[in-house]
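Asker: Structure incoming, see below.
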Amino acid sequence: MKSTAKAAAHPNIAFIKYWGNQNHDLRIPSNGSLSMNLKGLETQTTVSFDTDLEQDQLIINTESADEGALTRVSTLLDRIRELAEIKTRAQVVSENNFPTGTGIASSASAFAALTLASVTALGLCLSEKELSQLARTGSGSASRSIPGGFVEWQAGIDHDSSFAETIAPAEHWDLVDFIVLVSREHKKTGSSQGHQIADTSPLQKVRVEDAKRRLDICRKALLEKDFPTFAEIVELDSNMMHSVMMTSDPPLYYWQPGTLEIMAAVQIWRSEGLPVCFTIDAGPNLHLICPAEASEAVKRKLGALVNVKSILTSTPGGPARLLEPEITGV
Ligand code: DP6
């Protein structure tokens, strides 16, 4: 017997970042975070629970995934199987429409789509909050790819209290995200390992203690569409996370010369009156955020920089969504 569902989810870019956990197994983060889903970029995932399977299977972009990725997926599937009170194994087939290894975190969209597809295939009826909690255990940032638009993830203190919610729909603010690739090199240390060593930085305590203040400023600026305030707090938050990364044991240096060239250029452009800011995740590539009306000017400026390898463009995206329910009984 087979039971299949297919779902899609967008990755997201955090304006206030998640870095470090209170509980690594459940991915209860050290601080709350705030993000925007990225329209046009998505992971589509088909999950088929099949009584003929002896093991879970995972195919990513038409290739069999490695053991580490499969274990991470099976751990989330186990949690969902426990809820459904079944033991049936599943085949998971996942495809990203954006290039992998470009520093766009695919774990957020992947685990959000996986959660929605698995839960649906098993006929479980879960709320958005419950989906976000489950997705969080697969990848923290995936909790933010379940709801749509602009999303805040409450850090909480346990599984029940840690989940993400929409604070404004995608239509709220016409922001553009230029994802600027300065390197295609695979990053050496992934986010999951980075979260594990965040507390070794003497700066992490200060960053976490100040997180509520930054969240409050960012949320208010976003709701009021106050770009100058938004830009300052988004860059500060990114720089604070990278300060923690660089002062961890071992230190993590994600920036490359091209990263710094563009950071400096953005500072100058903003001082000249162009509304644009940068934010950088666990890699060398940058996200440049600007209001839609400034996007042509930002694009022109970027075109003149030598370190820009390529650019992807995105705007605020919707929630994780179901593509195919096809339940024939488990
Ligand atoms: C720098 O969600 O990728 O992008 O929970 O281990 O899967 P895991 O980590 P992940 O961490 C994201 C880190 C970040 C900041 C952010 O998106 O908030």
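Throughout, read-outs are computed from the coordinates displayed, never taken from laboratory work. Just so we're clear, the structure is a prediction, and the values are computed from it rather than from any experiment. Reconstructed Cβ throughout: ideal geometry from the backbone, glycine too, with neighbour counts over all protein chains shown.
Asker: Quick check: the distance between the Cα centres of the stretch 244-270 and the stretch 157-176, to the nearest angstrom?
Answerer: If you average the Cα positions of each part, the centres end up 27 Å apart.
Asker: Where both residues lie in the chain, what percent of DSSP beta bridges are antiparallel, nearest 5?
Answerer: Taking every DSSP beta bridge with both residues in the chain, the antiparallel ones total about 95 percent.
Asker: Can you pull out the trypsin sites (Lys or Arg not before Pro) in the stretch 51-159 that DSSP calls coil and that have at most 11 other Cβ atoms within 10 Å?
Answerer: Passing both the DSSP loop test and the Cβ count: Lys87.
Asker: Please sort by residue number the trypsin sites (Lys or Arg not before Pro) in the stretch 194-225 whose DSSP state is loop and whose Cβ has at most 16 other Cβ atoms within 10 Å.
Answerer: Taking the stretch 194-225 and a limit of 16 other Cβ atoms within 10 Å, the loop trypsin sites (Lys or Arg not before Pro) found are Lys225.
Asker: Pick from Ala211, Ala113, Ala297: which residue has the top mean-square fluctuation in a GNM of the chain where Cα pairs under 10 Å get a spring?
Answerer: Ala297
Asker: Of all the stretches in the chain, which is the longest one without any exposed loop site, taking GluC sites (Glu not before Pro) in a DSSP loop (any state but H, G, I, E, B) with at most 15 other Cβ atoms within 10 Å?
Answerer: It runs 86-184.
Asker: Still on this structure, I have one more. Excluding residues fewer than 8 places away in the same chain, name every one of the lysines whose C-alpha is closer than 30 Å to that of Lys39.
Answerer: Output for Lys39: Lys6, Lys17, Lys129, Lys187, Lys188, Lys212, Lys220, Lys225, Lys299, Lys301, Lys309.
Asker: Now for a different question. If the chain between Lys129 and Asp216 were fully stretched, how many nm would it gain, using 0.36 nm times the residue separation less the Cα-Cα distance?
Answerer: Gain on stretching Lys129 to Asp216: 29.2 nm.
Asker: Further question: Normalised radius of gyration for the chain, please: alpha carbon Rg relative to 2.2 N^0.38 Å, two decimal places.
Answerer: Rounded to two decimals, the normalised Rg is 0.97.
Asker: Still on this structure, please answer the following. Between Asp52 and Glu95, what is 0.36 nm times their sequence separation minus the Cα-Cα distance? Round to one decimal in nm.
Answerer: Once the chain is fully extended between Asp52 and Glu95, it gains 13.1 nm.
Asker: Further, regarding this structure: Kindly give Rg over Rh for the stretch 30-96, based on alpha-carbon atoms, with the Kirkwood expression for the hydrodynamic radius.
Answerer: Ratio value, two decimals: 1.05.
Asker: Let me ask you something else. Run through the DSSP bridge list for the stretch 1-145 and note the antiparallel percent, rounded to the nearest 5.
Answerer: The antiparallel fraction comes to roughly 85 percent.
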